[in-house]
Amino acid sequence: MRSTGDHIPLTRPWGRAAVGRAIPWGAAEPWKTAPRAGRSTGGRPHRLSGDQVHPVQIVDLFAGPGGLDVAATKLGVAAAGVEWDSAACTTRRAAGLVTVEGDVRRYGPSHFPDADVLAGGPPCQTFTVAGGGAGRRALDDVLAFVARMVAREGREEIAKDLSKMEDERTGLVLEPLRWVLEAIDVHDAPYRAIVLEQVPAVLPVWEAYAQALRGEGYSVDCGLLRTEAYGVPQTRRRAVLIARMGGEDVRLPAPTHRTYRKGLPRDAGDSTLQPWRTMGEVLPERESPFHVVSNYGTGGDPKARGRRSSSEPSATVTGKISRNRVLAPDGGEDRFSPSEAGRLQTFPKDYPWLGRDVGQQIGNAVPPRLAMHVLCAAFGWAPPSDAMLRSLETWETQPAFVPDARVREPEVASVAQYV
């Protein structure tokens, strides 16, 4: 059992969303395993599975402004996020999310003894599987570190070698594995489920994680997901890994919507899936048709700027979305508001975006709608119902539910301390 000394409590009311109403679970099934031996329930309600009970609680590393935690909240699942960026923490606190502002490397499983689900999207440099440049070398270094960590190689040597890395982000992408191994080796309390996501270039790292996790007793699936295939009105690809402890097979969520292909109509493709969602659908207050001009994927070349209609999904929402030009039917020109940009990521309309670099916060976030599908798959639950997905459209902060999660950072913690 993990230490319960200086730890962060998770006190979101079980089975209720931030808006204070019950969330219908439909055919969703809770965990089919009993709680870990010795774990205190703290008097909280629990999910039921036959005659066994088990709470679901998440610690979210590199949590950003709250994409995954918004989805968890709407599912009635408690979550605490660790995030170093003060602006993102300002937004999180305004939204009423449990927030620890600090460096993930200074924390570990012992600070979140109630959490049995690990999630995260560690920042990383641009890895590449091609060529022999810095991106390829960084990827090779990370894959080598994964192998050494899983082999429980000497932590002092790993720490020494990590300190020599040109970019500290190389070490950050290893942090989730450090938490996983520490939970197993030090606390004898492995996480019941793991959810990781990042840009497509990180997929080889997740594949190495998958091999390592299978060796620790997890069922794992990983791959590239297209956000529009899950009802996000945006074309965006993410490398996602989900794992669950035990023998039961785990699978990435099945698509619910068709994938977008430029020039093809919405009804093209698999007739069993819903059409992809458009910008106009989620921004009904804007007069249609409007057009969005961006330079995403153009290398900044003005001659190659992308253009999409309101009858299409948005291009990938990046931290530079505030620079996108929105062309109205009458010829006027505008920019997306934070609320509009957030809705293209499927955040609630009234989500409280605050602090500096709001565009960057939005662009870096996990789309809550995608996160809801991924969490349900990781937990072994049925896909989210329409009612659950609609609940993402609004947000009501209830700060009384959120404890003071600002705790003193530990003196020492690093990837090297996994044993």
Matching residues, the range 212-227, being over 20 Å from residue 201 (Cβ atoms) and either in a loop (DSSP other than H, G, I, E, B) or touching a Lys or Arg at 6+ places or on another chain (Cβ under 7 Å) (or both): 216, 217, 218, 219
Single residue of 307, 343 found to be outside any strand (DSSP E or B) and either modelled with pLDDT of 90 or more or of a type in the set (Lys, Arg) (or both): 343
Conditions (1) in contact with an Asp or Glu (Cβ under 6 Å, 6 or more places away or on another chain); (2) in contact (Cβ under 8 Å) with a residue 40 or more places away in the chain; number of the one not met by residue 219: (2)
Residues within the range 143-171 that are surrounded by 17 or more Cβ atoms within 10 Å (Cβ to Cβ) and small (Gly, Ala, Ser), tallied: 1
Test for residue 150: is it under 20 Å from residue 110 (Cβ atoms) and assigned by TED's automatic domain parsing to the domain that holds residue 122: no
Options 370, 354: the member that is aliphatic (A, V, I, L, M), touching a helix residue (DSSP H, G or I) at 6+ places or on another chain (Cβ under 6 Å) and surrounded by fewer than 21 Cβ atoms within 10 Å (Cβ to Cβ): 354
Meets criteria (buried (at least 16 other Cβ atoms within 10 Å of the Cβ) and under 20 Å from the mean Cα position of the chain (by Cα)) for residue 208: yes
Selection count, the range 318-340, where residues are at pLDDT below 95 and closer than 25 Å to residue 229 by Cβ: 5
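One line per residue, one yes/no per condition, for (1) surrounded by 18 or more Cβ atoms within 10 Å (Cβ to Cβ); (2) under 18 Å from residue 366 (Cα atoms); (3) touching a Pro at 6+ places or on another chain (Cβ under 9 Å):
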| position | (1), (2), (3) |
| --- | --- |
| 218 | yes, no, yes |
| 236 | yes, yes, yes |
| 252 | no, yes, no |
| 255 | yes, yes, no |
| 260 | yes, no, yes |
| 275 | no, no, yes |
| 281 | no, no, yes |
| 308 | yes, no, no |
| 314 | yes, yes, yes |
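Does residue 248 satisfy the condition of being touching a residue at least 40 places away in the same chain (Cβ under 8 Å) and surrounded by fewer than 20 Cβ atoms within 10 Å (Cβ to Cβ)? Please lay out each step first, then the result.
Values: touching a residue at least 40 places away in the same chain (Cβ under 8 Å): yes; surrounded by fewer than 20 Cβ atoms within 10 Å (Cβ to Cβ): yes.
Yes; evaluated as a whole, the condition is true for this residue.
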Some residue of the range 153-164 being assigned to a loop (DSSP other than H, G, I, E, B), at pLDDT 95 or above and among the polar types (S, T, N, Q): no
Tabulated pairs, the range 342-366, first of a type in the set (Asp, Glu), second modelled with pLDDT of 95 or more, C-beta under 7 angstrom, 6+ apart or interchain: 350/394; 350/395; 357/87
Every residue from the range 308-329 that is farther than 12 Å from residue 260 by Cβ, in contact (Cβ under 8 Å) with a residue 40 or more places away in the chain and under 27 Å from the mean Cα position of the chain (by Cα): 317, 318, 319, 320, 321
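The values are calculated or read from the model by the stated rules, or taken from the named source; none is laboratory data. Note that the structure is a prediction, hence the values are computed from the model and not measured. A quick note on method: Cβ atoms are made from the backbone with ideal geometry, for glycine too, and the neighbour counts reach across all protein chains shown.
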